[in-house]
Amino acid sequence: MELLDAFVARSLEEVRFWSRIMKEHSLFLRLGFRCEDTVLINEANHFYATFENIESRANRFTLNEDPNVIRRFNDEVHVAVSHIWLFKRKVLGLILTCQLPGANNFPLLVDHVSREANYFRNRLMELNTGRLEPLPDAIIDENVFFLRIMADHAKFISHLLDPSERKLIDQANQFSADFDQLLFQARDLESMRPQSQTVPLLDQFLDQNRVSVKSLRDFKKTARDLIEACRIKSIIHPLLADHVFREAEHFLFIIDMFENSLTGKTAHQ
Ligand SMILES: [Fe+2]
Ligand SMILES: [Fe+2]
């Protein structure tokens, strides 16, 4: 019974977080298309509506919901996420073959949002099959994934700020270099496994990553507030600034969950 409760809670948490993220990706992609790309714009609007619907249904479910209902819901979400992943990869192909000259989505951004869709899809699969990775593997794999996501965010912020915002661009570039380095460290730990998967090494790994994610999270929060108050020059949508801030918060939540599992405070997931 306890396991089933955990299944419903974890599922709702993941779907609520990531369906909002997928909905916002649809908006960002749409904003980057040219006005003549009406077919792509319609597709993006369609995904926006799909994930808005999923998000509001996920918010209406309670923790007392029948796990079988949630399992079917996860399957349905999985199909929608597979479709948006395909759409993102198609858009990436169009950009990289120069079929959308003048459109405003960076290829790395489109690749990035497709990686997030793929991550969400895998999480749904793991939840529904109950096949979770062993904790030491999950710690390394999730950090490799999220450190790259954070490094990308720093690069997007740097490139979407107005070139005259020299100080902020400099800070964003420093975060980019910091996270590239953390990502390389994570990959080193990855190639040294299983021997690298000792509790002290994994604990130190989490501690070190947490420090940098916290300071990036604070930088994003400041950037978001400044953008909302129209105090800096950029082509960053305020919602994009908030979006990357929430993803950093989510990573911190995951780091803390791993830390607790590693030190035996609570059960893993
Ligand atoms: Fe995202
Ligand atoms: Fe992201």
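Miscellaneous remarks
- Hey, I70 modelled with pLDDT of 95 or more, of a type in the set (A, V, I, L, M) and more than 23 Å from G130 (Cα to Cα) or not: no
- A Cβ distance below 8 Å, combined with a sequence gap of six or more or placement on separate chains, defines the contacts here; from region 129-155, residues that are acidic (D, E) reach residues that are in a helix (DSSP H, G or I) in the pairs E133/E126; E133/D141; D141/E190; E142/I254; E142/F258; D152/L108; D152/L109; D152/H112.
- Residues within region 107-123 that are away from ligand 1 (no atom under 13 Å from the Cβ), crowded, with 16+ Cβ neighbours inside 10 Å and farther than 16 Å from V77 by Cα, tallied: 0
- Scanning region 81-91 for residues being buried (at least 19 other Cβ atoms within 10 Å of the Cβ) and more than 16 Å from the chain's Cα centre (by Cα) gives a total of 2.
- Members of region 102-147 that are within 21 Å of R187 (Cα to Cα) and acidic (D, E): D111, E116, E133, D137, D141, E142
- Among the residues listed as A177, A186, the single one being in the same structural domain as L240 (by TED's automatic domain parsing) and crowded, with 18+ Cβ neighbours inside 10 Å: A186
- Of residues in region 227-260 being in contact with a Ser or Thr (Cβ under 9 Å, 6 or more places away or on another chain) and away from ligand 2 (no atom under 14 Å from the Cβ), the one nearest to A138 (Cα to Cα): M257
- Within region 124-146, being surrounded by 18 or more Cβ atoms within 10 Å (Cβ to Cβ) and either in a loop (DSSP other than H, G, I, E, B) or touching an Asp or Glu at 6+ places or on another chain (Cβ under 6 Å) (or both) holds for one residue alone: I140.
- Within the option set L240, L226, being over 15 Å from L147 (Cβ atoms) and crowded, with 19+ Cβ neighbours inside 10 Å holds for one residue only, L240.
The values are calculated or read from the model by the stated rules, or taken from the named source; none is laboratory data. On a predicted model such as this, the values are computed, not experimentally measured, just so you know. Counting neighbours? That spans all protein chains shown, and the Cβs are built from the backbone with ideal geometry, glycine included.
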